[in-house]
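S.K.: Below is the structure I would like to discuss, written out as structure tokens.
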Amino acid sequence: MADQSSTRNEAEVRAQKIEKLRSLGIEPYPSVRFQRSHTTADVRAIFEAPQRQIENGETDPQAEPLHLCGRITSKRDSGSICFIDLKDATGKIQLKIEKKLVSEESQVSFKQIQKLLDKGDFVGVEGIGCRTNRGELSIQVEKLQLLGKATAPFPDEYYGISEPETCRRHREIDLVTHPEAFERFRRRSQIVKSIRTYLWDQGFDEIETPNLQAIYGGAAARPFVTHHNALDVDLYLRIATELFLKRAVCGGFERVFELGRVFRNEGIDSTHNPEFSSLEVYQAYADYFEIMTLVEDLICHVVTNTLGEDVREIEYQGDRIDLERKYDHSEKYPGFTGKHWQVKTMVEAVRDETGLDFDTLSLAAAIQGAEKLGLSPSKLQTQTLGYLLYAIFDEIVAPTLMEPTFIVDFPIEVSPLAKKHRSQPGLVERFELFIHGTEYSNGFSELNDPQDQRQRFEAQLAQKQAGDEEAHPMDEDFLEALSLGMPICGGMGIGVDRLVMLLTNTASIRDVVMFPTMRPTKTEE
């Protein structure tokens, strides 16, 4: 209660300061723009150059006027001098404000700076570079202008806030008190930009598909349902962009992608948020091996552009992950030339980890083996070897895959949109990329036979009628597009948030999504 009382009292004091400023003719929320000439990073770059060094206790001999703006993060008054830390998006610098040097033209006088400005306020200043007697690079302020008054108490910059829920629910406080959080989201922006730039440079067209769909599809997931009043129909928030992007390929586009939000009505944990960013890419005349190469090239490009050209190894949650492409798979997969990450079939991965060989097992023997492995009872209810193979891989094997590993050749039962394997009955040409036990990408040789696709949808429909809420619905519009004709095509998806987690060494998806889905507070309810 004492903390709440203190916060309330400080808010009241700040409200009084706003009234005082207005009584003095100073608008706390002005409309006129501030013309900035330099950021804090610019100033440091200028005066760290050998030709512009400033001695301790001296000012810039060139007396170059500097115009900076930002937020006050600390304020220290000492008689006729005041020190303020000014923070902008590029960094922080100290303002040295001396009573005798503040110009009469300054919007806010020295006394008003001392009495009426607080931590959290936004200000613009004009001054020249200097160094204090202790060697701190600073701005000797001549004029100061108030750009935005903070009415709430500013959190302590040193201690900040430590509760993860508060950081996620009030990200703005997290950003202003934790520099590492600010840099994490800056890096996220760089990663997204790098993804788009790479694909544009490779000749891909970015197109936009509907968020509201009459039929959801493209993944195994439960959708969010909404209602359109004018049409009086239920619509679904998209769970994937796949089917519309492939319809664009049917229409003649050869290289397309979309990077945007998708929505799945599922649980929340360290790698799942109901609303997340997904990248999907489709390339005509390519198969899943060419798309695997694209995934490698794209991720390595993003690493180079965000972490540095020489980075071949990254740290994630205490483990070192080698990103070097060092495996030659051309003997096993002719045409898949050059060095790549590790590649294993799902059957091989399960056999290597558990000893169960699904190339020779009967269903009864596989169920018995799965029971000994402790597979979840609900997953033992499977009716086919394919479902059981995938269940064992997903629950037992996937978490063990630490170095970048492509798992290829999935059971047809769990892959309704992938093309049948060219030589292995019962399998499809599908891959998933795993790093540190987590899936980062999913891709196929895309199914382009409309009759085969209809049969797959019908099988999914039977599963839905049997109670599988994540089974794929029938999509007649997509089947009609396939009937128009679609060339050989490879496609893939990447979970952008998970990639950001990996490249920022972040354990929870809720700490790389700026404003994650949270349970409403009682007030919001």
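The numbers here are math on the coordinates, done by the rules we state, and not lab data. Since this is a predicted model, take the numbers as computed values, not measurements. Cβ atoms come from the backbone with ideal geometry, glycine included; neighbour counts cover every protein chain shown.
S.K.: Which order, highest average first, do 452-465, 131-144, 410-423 follow once you tally other Cβ atoms within 10 Å for each residue and take the mean per peptide?
M.R.: So the peptides 452-465, 131-144, 410-423, ranked by packing, come out 410-423, 131-144, 452-465.
S.K.: Could you work out how far the C-alpha centroid of segment 302-335 sits from that of segment 197-248, in angstrom?
M.R.: 32
S.K.: Follow-up. I need the helices of the chain that pass two filters: whole DSSP H segments spanning 27 Å or more by Cα along the axis, and mean Kyte-Doolittle score no lower than -1.0.
M.R.: Span-like helices in the chain: 179-201, 288-307.
S.K.: Would you list which aspartates and glutamates come within 13 Å of K119, measuring only between C-alpha atoms, while excluding same-chain residues fewer than 8 positions from it?
M.R.: Filter leaves E10, D77, D85, D156, E157.
S.K.: Take peptides 65-75, 350-360 and line them up by average Cβ neighbours within 10 Å, highest first, as a rough protection proxy.
M.R.: Descending mean neighbour count gives 65-75, 350-360.
S.K.: If packing is taken as the mean number of other Cβ atoms within 10 Å per residue, what is the order of 282-292, 184-194, 304-314, highest first?
M.R.: Averaged packing, sorted descending, gives the order 282-292, 184-194, 304-314.
S.K.: Stretched out fully, how many nm does the piece from E163 to F253 gain, at 0.36 nm a residue minus the Cα gap?
M.R.: 27.6 nm
S.K.: Please find the FRET efficiency linking E208 to L484, where r is the Cβ-Cβ separation and R0 is fixed at 22 Å, and quote it to the nearest 0.05. Display every interim value, and only then the final one.
M.R.: Numbers: r = 21 Å, r/R0 = 0.95.
E between E208 and L484, to the nearest 0.05, is 0.55.
S.K.: Which one of A418, F434, V343 is farthest out on the positive end of the charge dipole of the chain, using unit charges on Cβ (Lys, Arg +1; Asp, Glu -1) and the Cα centre as origin?
M.R.: F434
S.K.: List the lysines whose Cα lies under 20 Å from the Cα of K100, skipping any in the same chain that are fewer than 8 positions away.
M.R.: Excluding near neighbours in sequence, the set is K75, K111, K115, K143.
S.K.: Would you please state which residues of segment 33-47 a label at S103 would reach in this model, taking the label point 7 Å out along Cα→Cβ and a backbone N cut-off of under 17 Å?
M.R.: Under cut-off, by backbone N: 33-38.
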